1. Tell me, yes or no, whether the range A:256-266 has at least one residue that is of a type in the set (Gly, Ala, Ser) and not assigned by TED's automatic domain parsing to the domain that holds A:SER44.
2. Could you tell me whether any residue of the range A:214-222 is assigned by TED's automatic domain parsing to the domain that holds A:GLY149 and without any contact (Cβ under 8 Å) to a residue 60 or more places away in the chain?
3. Would you mind stating whether A:ALA209 is crowded, with 23+ Cβ neighbours inside 10 Å, assigned by TED's automatic domain parsing to the domain that holds A:LEU128 and under 18 Å from A:HIS52 (Cβ atoms)?
4. Can you tell me which residue in the range B:151-163 is farthest from A:SER47 (Cα to Cα), limited to those that are of a type outside the set (A, V, I, L, M) and surrounded by 13 or more Cβ atoms within 10 Å (Cβ to Cβ)?
5. Among the residues of the range B:235-245, is any surrounded by 11 or more Cβ atoms within 10 Å (Cβ to Cβ), among the aromatic types (Phe, Trp, Tyr), modelled with pLDDT of 85 or more and not in a helix (DSSP H, G or I)?
6. Which of the residues spanning the range A:85-94 are more than 8 Å from every other protein chain (Cβ to nearest Cβ) and either within 16 Å of B:ASP173 (Cα to Cα) or part of a loop (DSSP other than H, G, I, E, B) (or both)?
7. Kindly state which helices (runs of 4 or more DSSP H) lie completely within the range B:47-142 and contain at least 1 residues that are surrounded by 19 or more Cβ atoms within 10 Å (Cβ to Cβ) and β-branched (Val, Ile, Thr).
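The values are calculated or read from the model by the stated rules, or taken from the named source; none is laboratory data. A quick note: this is a predicted structure, and the numbers were derived from the prediction, not measured. FYI the Cβ positions are ideal-geometry reconstructions off the backbone, even for glycines, and counts take in every protein chain you see.
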Amino acid sequence: MDIKLQQVSYAYSMGTPFEKYALYDVDVTIPHGTYQAIIGHTGSGKSTILQHFNGLLKPSKGQVHIGDRVIVAGKKAKELKPIRQKVGIVFQFPEHQLFEETVLKDIMFGPMNFGVSQQEAEARARELIKLVGLPEDTLNKSPFDLSGGQMRRVAIAGVLAMDPEVIVLDEPTAGLDPRGQKEIMDMFYALHKERGLTTILVTHSMEDAARYADNIAIMHEGRSVLNGAPREIFSDAETLEKYRLELPHIVRFQRKIEKLMNQSLPKICLTEEELAAEVALALGEGRDAK
Amino acid sequence: MMEKMIFGRFIPGNSFVHLLDPRSKLVFVFAFILVVFLANNIFTYALLLAFTLLVILMSRIRLYFLINGLKPVIILLVFTFLIHILFTREGDVLFELGFFKVYEEGLRQGVFISIRFLVLVFMTSILTLTTSPISITDGIEVLLNPLKKLKLPVHELALMMSIALRFIPTLMDETDKIMKAQMARGSDLSAGPIKERVKAVVPLLVPLFVSAFKRAEDLATAMEVRGYRGGEGRTRYRQLKWDWRDTVCMAILAVMTVLLVFYRN
């Protein structure tokens, strides 16, 4: 299911003295099955754009294509439920959305709203609780007895239980410890690979964008200013600087190594493993490294 | 969704009304609420209405914005007007449509009550629209100060009020966020039969209460570690200042009261 934003502008509090544009003429196309990262400085419009992906916000101007549905500015959009089932959103701090008596019921809430049978929803919950890395007996506990990190995982399971085709992640690891961050990000990446989930990651972590994304869009003051493959985006530090963004640690590290080695490596490395292999190759130990 | 609500909202500005001291504004509005009930004929009601329009004009708040924001109130207003027209049966019959008769007294009462209602709502809205919540509570605290003699915890009450006002926008944001998160999970507050809609409120209220209690606890801890001990011997950062505008405001109030007393039947 492709998602396409055409000339989308969005203003909060339209028609009041508080009217304020958060997006201007944004064009973004996210083809089916890609891992798209959207990065930008605070206040660049990242969070506004993501609410357009399932019709929570309607554009003030322009149109949004979600699969074969089109949401046009100024027209009433009916029956958004099917879209919301296909596009799951994990909001920032999703643990705030938990409300049921038990974890099991909370995970079942989403799918049951979309008409999935009780048995099926329960089966999904049992499968997903393991996927997000929690023991199965968590299902019978109250979500409010869990730790913050565990609540986050339950909330993520609750969104995945809707069995969406597209998953939108808004800073999914904010406030987690480093190990939890890596586990969650790796889990989403595995889901993206195994189930072909289109994944949209809204973040300000350059490292996550570099490691996981096929494509990176950069937002700046409500406009989408750059869109391209990570290697392209991260080859131009000056442009990034202009948008108040930095290179990922690993690319900066590569630049330092290049200075020390007095030669530049043939490609920009996006992960530690890649950089290690490239350096080994450059030092003439290519055979052992591979 | 709640973007259009204007209850308790503050629009910064520097009009005559904005620059008034909160004490004089509060006294004025409370006195005005009482004075409104003096009006009982066409001239006095016209005076109230004209005065209110003048205040709106002076506050430089767009009338359109005000009316748009007070839509729910206006619906109520139309409803009361209709009730009066339908059920008051005094005076001459003005016109009739079959069973439906409109009496002179009914029309009169309907119009008067509507004006009274409108004037009150507009005036109180202007108060909150032109005064920051902090100044309102400061004003209330000072005005209630004499009640300290009766052992009323005035400072604590004012603090409670300012905390409550301070957290309205935060709670609104929070509600919006949680509502969106649940909508993304397929819960629907705006469609379906009433029973379903009432059920859909639970996923909204539970997280809201949880976070409100958590926030209250955090705030209490934060105040405690910074040594907050109530109003005893506390000095103020924001000083209230009475200037010529406030004297003018009080004079207008006096003149209007006299006019109303003089011209009422």
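1. Within the range A:256-266 (the criterion being of a type in the set (Gly, Ala, Ser) and not assigned by TED's automatic domain parsing to the domain that holds A:SER44), the answer is yes, since at least one residue qualifies.
2. no
3. In short, no.
4. Among them, the one singled out is B:PRO153.
5. yes
6. Within the range A:85-94, A:GLN92, A:PHE93 meet the criteria.
7. B:104-130
Residue-wise test of (1) surrounded by 15 or more Cβ atoms within 10 Å (Cβ to Cβ); (2) aromatic (Phe, Trp, Tyr); (3) within 10 Å of another protein chain (Cβ to nearest Cβ).
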| position | (1), (2), (3) |
| --- | --- |
| B:ASN145 | no, no, no |
| B:LYS149 | no, no, no |
| B:LEU165 | yes, no, no |
| B:MET172 | yes, no, no |
| B:VAL201 | no, no, no |
| B:SER211 | yes, no, yes |
| B:ALA220 | no, no, no |
| B:MET223 | no, no, no |
